[in-house]
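Just below is one structure, and these are the notes that go with it.
The values are calculated or read from the model by the stated rules, or taken from the named source; none is laboratory data. Quantities reported herein were computed from a predicted structural model and do not represent experimental measurements. Cβ placement follows ideal geometry from the backbone for every residue including glycine, while neighbour counts extend to all protein chains displayed. Calculation scope for accessible area: heavy atoms of the full protein, side chains included, ligands and nucleic acids excluded. Shrake-Rupley method; radii C 1.70, N 1.55, O 1.52, S 1.80 Å.
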Amino acid sequence: MGDSKVQSTDAHRSWTMSQVRSKNTSPEIQVRKLVYNLGFKYQLHRKDLPGSPDLAFVSRKKVIFVHGCFWHRHCRPTCRLTRTPKSRPDFWKKKFSNNTARDQKNIHDLLMRGWSVLIIWECELANVALTKREIRLFLQ
């Protein structure tokens, strides 16, 4: 009987993970609206650029990534969204380590190609005015 519970839990976990979106997330859409309201044109998820940036401003050679604090490990001590699940700590440690290493490689590759990179963290979107200012300064 214990096996069926484990299988059910594994199946549920798999289903839950499959529901996590990598594109068109609420924070990403919020940033798109801010950028649009500032009057800038952008392209989405350019697969020809490292990391398929969330927003690409090709004529300016600038990109914006909108990072979820949980998945991309926002390291600000005040960020409450960067928590680690208590179950399967070895799995999560490896998962988060791989995510952050991939992020760093993508940023490095973009910089080496002459692109400027802005990371907007999910928790930063609570202060819309500050985020809008940061985007405006970055894109000028």
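Taking θ = phi - 60°, what integer Hz values does the Karplus form 6.51 cos²θ - 1.76 cosθ + 1.60 yield along the range 85-100, in sequence order, with x for Gly and Pro?
x, 7, 7, 6, x, 5, 4, 5, 4, 5, 4, 5, 4, 5, 4, 5
Over the range 75-127, average the accessible area per residue using a 1.4 Å probe and give it in Å², no decimals.
Numbers: 3880 Å² over 53 residues.
That works out to 73 Å² per residue.
Consider a paramagnetic label point 7 Å from the Cα of Thr84 along Cα→Cβ; state which residues of the range 50-73 have an amide N under 16 Å from it.
Hits in the range 50-73 for Thr84 at 16 Å: 70-73.
Can you return the lysines within cross-link range of Lys132? Criterion is Cα-Cα under 23 Å, with same-chain partners fewer than 8 residues away left out.
Partners within reach: Lys23, Lys33, Lys41, Lys61, Lys62.
Sort 82-88, 99-105 for me by packing, meaning the mean count of neighbouring Cβ atoms within 10 Å per residue, highest on top. Numbers along the way, then the final one.
On the way: 82-88: 11.0, 99-105: 13.3.
Highest mean packing first, the order is 99-105, 82-88.
Determine the principal axes of the Cα atoms in the range 26-96, then give the extent along each, sorted from largest to smallest and rounded to whole angstroms.
44, 27, 18
If I model a spin label as a point 7 Å beyond the Cα along the Cα-Cβ vector, how far apart are those points for Thr25 and Met112 in nm?
2.6 nm
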